[in-house]
Protein chains: 2
Amino acid sequence: MADDLDPRDFTSDDDGKRPLTRIQKVNRGKILEAALDVFSAHGFRGATLDQIAAEAGLSKPNVLYYFPSKEAIHAALLEGLLDIWLAPLRAIDPAGEPREEIMRYMRRKLEMSREMPRESRLFANEVLQGAPRMGAGLSTDLKTLVDEKAKVIEGWIAEGRLAPVDPHHLIFSIWALTQHYADFDTQVRAVLGPGKDPIEGAAPFLDMLFARLLKP
Amino acid sequence: MADDLDPRDFTSDDDGKRPLTRIQKVNRGKILEAALDVFSAHGFRGATLDQIAAEAGLSKPNVLYYFPSKEAIHAALLEGLLDIWLAPLRAIDPAGEPREEIMRYMRRKLEMSREMPRESRLFANEVLQGAPRMGAGLSTDLKTLVDEKAKVIEGWIAEGRLAPVDPHHLIFSIWALTQHYADFDTQVRAVLGPGKDPIEGAAPFLDMLFARLLKP
DNA sequence: GTCTAGTTTGACCGAACGGTCAGACTCACG
DNA sequence: CGTGAGTCTGACCGTTCGGTCAAACTAGAC
């Protein structure tokens with residue numbers, strides 16, 4: 001599927017502008033793919049290099065040949081994912097139709113819970129434990145972006161084009177309701193029983209929820 | 001292994017047939033309190049017995065004297081908490097006023113996110129990683145309870161006393177929206193900035209959200 | 001005070017972990 | 001073909017972890 005990561009991003013941390021060989025591209029990709037699987041399923045501390053190496057089909061020293069440490073693999077995953085994760089929020093257009101923009105954001109986030117559940121769980125694991133390896137980005141980049149979009153939403157409300165809701169909590173509610181289906185997938189499936197796609201039922205429910213919430 | 005002098009009597013549960021000494025009561029309490037702190041903050045794998053022992057003010061062998069293993073401490077926490085966690089859902093009264101019952105459930109869950117965030121994160125950590133130490137209870141007890149309450153809600157909808165929403169996803173939405181403030185506390189506080197109580201702002205927002213969602 | 005069941009601990013163990021290293025192997029290119 | 005940069009690995013290291021054990025200590029009923 002289309003969840004391969006671009007390995008180019010991770011060579012630029014040091015000054016070396018060396019071009020990547022074919023083998024480097026392939027193996028870094030294999031490592032990051034395996035690491036996403038393992039980190040998202042067991043958390044940082046619960047994941048082992050041997051597990052990652054085995055799943056990537058490489059030896060442990062070979063994994064350490066491409067990344068200097070377990071931390072570095074985790075950091076590479078987080079960094080590479082943050083932009084993807086926030087892109088739909090960035091895409092909210094102040095010039096667009098308010099309810100349309102917010103509904104689109106919510107639907108895109110729900111899609112991402114279906115298509116990228118491992119990435120969602122990776123972040124969830126990190127935030128749950130106090131974001132010890134991400135702290136900086138949360139208070140700066142994330143807050144800046146959310147505050148900016150909150151201002152946009154406030155403007156819409158002032159114009160009477162949206163119901164008067166707290167914009168920050170509105171954004172939180174979108175995160176909570178969509179990511180829940182990725183992060184708590186085990187619980188949701190246990191309750192719904194087998195053979196049902198949880199997100200299929202979630203989509204119309206969330207559509208109705210936000211339609212009713214946002215109508216002025 | 002002869003376990004004739006093994007003090008593994010888990011008398012803190014309903015099954016108690018042997019009396020606990022005063023010291024046992026105190027020390028088991030200290031261990032469970034410390035373990036809740038450590039497990040909720042670092043996950044099962046990320047927590048260490050030394051950490052728990054240090055926080056409980058006991059030596060590691062002494063901790064192992066009261067609980068046979070790290071797993072057993074974790075299991076004791078989960079088991080003791082499951083009932084508390086689901087009590088508000090159980091309390092939904094089929095004979096009550098539908099919107100009142102659901103709003104009360106939501107508000108109680110939000111209160112629990114404020115007052116018992118560690119417990120919320122303990123469950124979140126467990127479910128996030130596929131509930132490897134809880135699997136049974138999810139598919140049986142939890143599903144049974146949720147299905148039962150979903151039937152109640154469906155009845156209310158059929159009577160026209162609630163908007164027609166999927167009852168299972170309604171319950172999921174309550175879980176997601178309330179537990180988000182405990183589980184993702186770090187993120188929420190990073191976005192809102194310091195000096196604000198997130199749940200104070202969440203309460204009126206969620207009141208409005210569910211009021212609008214449930215109105216027939 | 002005596003005795004015993006209950007409690008506590010320092011020392012220790014094997015396994016698992018993240019990481020290192022010297023050297024062997026492979027690939028691309030002249 | 002030869003060659004050097006790039007790739008790979010078995011063996012190994014120091015640390016940390018969960019857990020054990022014998023022995024020492026304590027509480028409290030008699």
Virtual spin-label span in nm between A:D197 and A:A91, 7 Å along Cα→Cβ
1.9
When only C-alpha pairs under 8 Å and at least 6 residues apart count, what is the relative contact order of chain A, in percent?
21
Taking every residue of B:122-128, the Cβ atoms of other protein chains inside 10 Å of its Cβ average out to 6
Report, ordered by chain and residue number, the lysines lying within cross-link reach of B:K151, taken as a straight Cα distance under 25 Å and ignoring same-chain residues fewer than 8 apart.
A:K196, B:K109, B:K143, B:K215
Here the Kirkwood hydrodynamic radius of chain B, Cα-based and in Å, equals 19.4
Can you work out the Karplus-derived ³J(HN,Hα) for every residue in the stretch A:32-46? Use 6.51 cos²θ - 1.76 cosθ + 1.60 with θ = phi - 60°, whole Hz, and x for glycine or proline.
5, 4, 5, 5, 4, 4, 6, 4, 5, 8, 10, x, 4, 5, x
In order over the stretch B:57-74: 3J(HN,Hα) from phi, Karplus 6.51/-1.76/1.60, θ = phi - 60°, whole Hz, x for each Gly or Pro, gives x, 10, 7, 4, x, 5, 4, 5, 6, 8, 10, x, 6, 4, 3, 5, 4, 4
Among all the lysines, which ones have a C-alpha under 24 Å from A:K25's C-alpha, if same-chain residues fewer than 8 places away are not counted?
A:K17, A:K60, A:K70
Rounded to whole Hz and in sequence order, give me ³J(HN,Hα) for the stretch B:97-113 from the Karplus expression 6.51 cos²θ - 1.76 cosθ + 1.60, θ = phi - 60°, writing x for Gly and Pro.
7, x, 5, 4, 4, 6, 4, 5, 4, 4, 5, 5, 5, 5, 4, 5, 5
Any chance you could check the Cα centroid distance between the stretch B:36-92 and the stretch A:141-216 for me, in angstrom?
33
One decimal, nm, shortest first: give the distances between the label point of B:A75 and those of the same position in the other copies, each label point 7 Å from Cα along Cα→Cβ.
4.0
As a check on your grasp of the helix formula, calculate [θ] at 222 nm for the protein assembly as shown: sum -39500 (n - 2.57) over DSSP H runs of n ≥ 4, divide by the residue count, round to the nearest 500.
-22500 deg cm²/dmol
To the nearest hundred square angstrom, how large is the accessible surface buried between A and B, total for both chains, probe 1.4 angstrom?
4700
Using eta = 1.567 mPa s and T = 4 °C, Stokes-Einstein with Kirkwood Rh from Cα pairs puts D for the stretch B:105-216, in µm² s⁻¹, at 83
Residue mean of other protein chain beta carbons inside 10 Å, B:36-48
3
Give me the inter-chain shielding for A:59-72: mean count of other chain Cβ atoms within 10 Å, whole number please.
0
Spatial extent of the protein assembly as shown: Rg and Dmax, with the Cα atoms as the point set, Å
23.3, 76
Other-copy label distances relative to B:G137, 7 angstrom Cα-Cβ extension, nm
3.3
Return the tail of the calculated pair distribution for the stretch B:20-108, meaning the percent of Cα-Cα pairs more than 22 Å apart.
42
Once the label point is set 7 Å along the Cα-to-beta-carbon vector, what list of distances in nm do you get between B:D197 and its counterparts in the other copies?
4.3
For B:I23, put the label point 7 Å out on the Cα→Cβ axis and report which residues of the stretch B:61-84 keep their amide N under 16 Å from it.
B:61-67
For Cα pairs less than 8 Å apart in space and 6+ apart in sequence, what is the mean separation divided by the residue count of the stretch A:120-216, i.e. the relative contact order in percent?
33
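The values are calculated or read from the model by the stated rules, or taken from the named source; none is laboratory data. This structure is a prediction, so every number in the text was calculated from the model and none was measured. Virtual Cβ from ideal backbone geometry, glycine too; neighbours counted across all protein chains shown. Each accessible area value is taken on the protein alone, full model and side chains, heavy atoms only, with ligands, DNA and RNA left out. Shrake-Rupley method; radii C 1.70, N 1.55, O 1.52, S 1.80 Å.
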